Amino acid sequence: MSLSATIQPLLSVNDLHWSVANKAILKQISFAIRSGEIVGIIGPNGAGKTSLLRCILQYITDYQGSIYFNTSNINTLSRQFIAQHIAVVNQINDPVFKLTVIDVIRMGLLPYKTFFASVTKEDTQTIAQALEKTGLTHLQHEEFTHLSGGEQQRALIARALVQKADLLILDEPTNHLDVYYQHQILQLVKSLNLTVLMTIHDLNLANEYCSRLMLLDQGKIIADGDNETVLQANQLTTVFGLPCQHLTEPTTGLKKVYFTALNANRVSCDET
């Protein structure tokens with residue numbers, strides 16, 4: 001048996017099924033994530049990506065199957081324990097009223113103490129390190145709502161760092177960001193050396209920044225593995241319903257996925 005096979009997964013999902021009004025949203029989902037992986041969940045709208053994250057986070061609890069964090073069934077763990085070990089950056093942020101950046105980041109302490117509890121010297125150092133890692137030290141006293149979208153995402157990631165969680169979950173972290181901030185956020189996530197599970201629409205960003213991909217369609221995992229295997233052009237054509245091809249980007253050497261408009265006569269898939 002290989003060494004990797006003996007390592008306990010940080011997160012494992014086993015035969016997960018979830019339905020709403022007799023309509024199956026997730027179907028027989030099974031996978032495991034080991035420490036240090038950056039796993040991207042890709043697929044068309046309505047594939048079940050966000051629903052899967054919501055099950056893992058226990059926002060949805062009426063599913064069938066099991067989800068384990070380390071060796072414990074996650075539905076036996078307290079919300080406080082989950083908050084201490086799993087940090088989340090949602091696609092749509094909760095209202096923060098007129099909180100400053102440092103107030104938002106300080107919320108990462110909430111799984112360990114109340115918002116109005118005194119902040120220790122160690123807490124202050126942790127917050128300062130999170131601000132520095134995310135490049136927000138100079139903005140710490142600005143109102144959160146005054147920040148750009150990319151800066152807000154960095155602040156939420158800084159909050160996750162203060163949580164000292166084992167797993168970082170992000171739901172479309174680059175949604176509504178321009179190209180510069182998309183790369184900035186994903187470069188930051190990759191540099192943190194955390195275990196990450198994220199949903200992401202842009203297949204080329206997923207290929208560049210994720211160490212592993214899972215392709216979902218109609219509530220099922222169609223492919224799970226290394227990026228090249230998951231991003232096979234014929235597979236993407238079937239799932240997304242558009243002809244696709246791979247072209248090698250001359251600067252980085254990465255294969256890029258391109259979709260073209262449907263041809264009335266045929267749907268084709270090519271790799272070059």
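The values are calculated or read from the model by the stated rules, or taken from the named source; none is laboratory data. Everything numeric in this text was worked out from a predicted model, so none of it was measured. Counting neighbours? That spans all protein chains shown, and the Cβs are built from the backbone with ideal geometry, glycine included.
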*asked:* For the condition in contact (Cβ under 8 Å) with a residue 24 or more places away in the chain and loosely packed, with under 11 Cβ neighbours inside 10 Å, what is the one hit in Thr134, Thr50, Thr126, Thr71?
replied: Thr71
*Within the stretch 168-196, which residues are part of a loop (DSSP other than H, G, I, E, B) and surrounded by 22 or more Cβ atoms within 10 Å (Cβ to Cβ)?*
Pro173, Thr174
*Report yes if Thr199 is β-branched (Val, Ile, Thr), crowded, with 22+ Cβ neighbours inside 10 Å and modelled with pLDDT of 95 or more, otherwise no.*
yes
*Single match in Ile56, Ile7, Ile29 (criterion: within 23 Å of Asn193 (Cβ to Cβ) and modelled with pLDDT of 95 or more)*: Ile56
*Among the candidates Asn234, Asn193, single out the residue that is at pLDDT below 95 and in contact with a strand residue (DSSP E or B) (Cβ under 7 Å, 6 or more places away or on another chain).*
Asn234
*If we only count strands (runs of 3 or more DSSP E) wholly inside the stretch 207-248, which ones have 2 or more residues that are more than 18 Å from Ala47 (Cβ to Cβ) and outside the structural domain of Phe31 (by TED's automatic domain parsing)?*
244-248
*asked:* Which condition from (1) farther than 23 Å from Leu194 by Cβ; (2) in contact (Cβ under 8 Å) with a residue 12 or more places away in the chain is the one that Thr76 breaks?
replied: (2)
*Here are Asp178, Asp226: which of them is among the charged types (D, E, K, R) and in contact with a strand residue (DSSP E or B) (Cβ under 7 Å, 6 or more places away or on another chain)?*
Asp226
*Can you confirm whether the stretch 12-21 contains a residue that is surrounded by 13 or more Cβ atoms within 10 Å (Cβ to Cβ), assigned by TED's automatic domain parsing to the domain that holds Glu172, in contact with a Lys or Arg (Cβ under 9 Å, 6 or more places away or on another chain) and at pLDDT below 95?*
no
*Which residue, of Leu167, Leu131, Leu188, is closer than 21 Å to Thr50 by Cβ and either assigned by TED's automatic domain parsing to the domain that holds Ile33 or under 15 Å from the mean Cα position of the chain (by Cα) (or both)?*
Leu167
*Is it true that some residue in the stretch 138-152 is under 12 Å from Ile102 (Cα atoms), without any contact (Cβ under 8 Å) to a residue 12 or more places away in the chain and assigned by TED's automatic domain parsing to the domain that holds Ile41?*
yes
*Residues in the stretch 149-158 that are crowded, with 24+ Cβ neighbours inside 10 Å and touching a helix residue (DSSP H, G or I) at 6+ places or on another chain (Cβ under 6 Å): how many?*
3
